[in-house]
Structure formats: C-alpha cells, structure tokens
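J.: My questions will all concern the structure given below.
The values are calculated or read from the model by the stated rules, or taken from the named source; none is laboratory data. Note that this is a predicted model, so its numbers are computed, not measured. Glycine gets a Cβ as well: all are built from the backbone with ideal geometry, and neighbour counts include every protein chain shown. Just the protein is used for accessible areas: all its heavy atoms, side chains included, with ligands, DNA and RNA removed. Shrake-Rupley method; radii C 1.70, N 1.55, O 1.52, S 1.80 Å.
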Amino acid sequence: MDQLQADYPTYSSVEQAVDAADLIVTGVPVAPSEETLQPSVTQRSNDPYANPQYGAVEGAGTQQELGVTVTVTSVRVERVLKGKAHVGDIIRVSQVGGQSDGQSVHEAHTILLSEHELGEGDSFLLLLSAFDAGTYDAINPEIGVLEISKDGAARPLGDTSVDSQAIGTSLSEYER
C-alpha cells in the first residue's frame, strides 16, 4: 500500500469551515469510481516550492508517475445547507486515494466515503469546494467529511488531528 500525505487548509471554528465551503449538503454514497488526476505542467513559476511540477515536461514518461489516484464517489443529496444543489441531485465528490494498477493508495487523513459504513438512517455531512467539471473536494478531509447520525449528532469518520473547535457536534451547528 502506498501512503500519501497532503497539506489541507485548516479552520479554527465551525463558522470558518462553513464560510470556506461552496456547497454544504447531507447525502449518501451511490457509487465510487477510481480516477487518476494528471497535474498540469504549465510552468507558472520557476520556484519548485510554489510549483511542484516545476521541471516536468508535458508528455514526458514521468507524467504518469506524477498522477494522483482519487476516488470519485457519486452522492445523492438529501439536504442542502449551503450552495447550489437540490435534494435528489447526484453530485461527484473527489477524495485522494483508492486503487491504482492493483495497488492501494491512501492519504493519511482521508477516509473514503466508500470505505466508511453508515448506520441505518445516517448520512454524511459534506463541506465542499467546487473543483473541476462539476466535481467537488472536501474543504479538508477531516473537517469537511463527517457522519451525521439519525438523531443529528455529528462526528469525524476517524481519529482526527485537527482542532476540535472546527468540528461541530451536531447538524444544527452547521444549519445556523
């Protein structure tokens, strides 16, 4: 198994997380699929810290090696708290990790929607940023993907390394 570690924005309160999201919904997964995102090698900066693809040549043999495995899960929207979506819509949520060429790839802070078992009547609360071609990313894999129990309690999917002030304890905190 390959292990990745990515940097994500952090938030110090539920309000900051809500403000950062383009779309906030509750929903349930319908179907996952794996994809490989190929980075753009457009040379916007000659600083390798600002441009991780600095020096890469489009079409080079290393282009495939630069790809990032993501799992894109179709999610049926059950409730819209913020943004442009409707109940019943199917949205696409991209998360780093999945299967690539028979190899499992995991990002250290990400629990894939397709790998987390929801209880009966439970759903996911997703705080999302618009990405490419109608796909969304969580604002942060720990703060932006929570389980909501049928009684409205919110909880992270796993152990979290983020400030607990940024994660609400109930759906009502996100509805305000």
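J.: Between a first residue in segment 15-30 that is more than 12 Å from Leu113 (Cβ to Cβ) and a second residue that is modelled with pLDDT under 95 and open to solvent by 80 Å² or more (accessible area, probe 1.4 Å), which pairs have beta carbons less than 8 Å apart while being 6 or more apart in sequence or on different chains?
T.: Within 8 Å, the pairs are Leu23/Lys84.
J.: Working only within segment 9-31, note down all residues that are over 13 Å from Tyr136 (Cβ atoms), buried (at least 18 other Cβ atoms within 10 Å of the Cβ) and out of contact with any Phe, Trp or Tyr (no Cβ under 8 Å at 6 or more places or on another chain).
T.: Tyr11
J.: Output yes when any residue across segment 134-157 is at positive phi and of a type in the set (A, V, I, L, M, F, W, C), and no when none is.
T.: no
J.: Output the residue which, of all residues in segment 142-176 that are of a type in the set (Ser, Thr, Tyr) and at pLDDT 90 or above, is most open to solvent (accessible area, probe 1.4 Å).
T.: Kept after step one, since they are of a type in the set (Ser, Thr, Tyr), are these residues of segment 142-176: 149, 160-161, 164, 169-170, 172, 174.
Checking the rest, the ones that are also at pLDDT 90 or above come to 149, 169-170, 172, 174.
Numbers: Ser149: 18, Thr169: 97, Ser170: 28, Ser172: 54, Tyr174: 7 Å².
Among them, the one singled out is Thr169.
J.: What are the residues in segment 101-136 that are surrounded by 20 or more Cβ atoms within 10 Å (Cβ to Cβ), at pLDDT 85 or above and not polar (S, T, N, Q), if any?
T.: Of everything in segment 101-136, those that are surrounded by 20 or more Cβ atoms within 10 Å (Cβ to Cβ), at pLDDT 85 or above and not polar (S, T, N, Q) turn out to be Leu112, Leu113, Phe124, Leu125, Leu126, Leu127, Leu128, Tyr136.
J.: Residues in segment 63-84: is at least one surrounded by 13 or more Cβ atoms within 10 Å (Cβ to Cβ), modelled with pLDDT of 95 or more and at positive phi?
T.: yes
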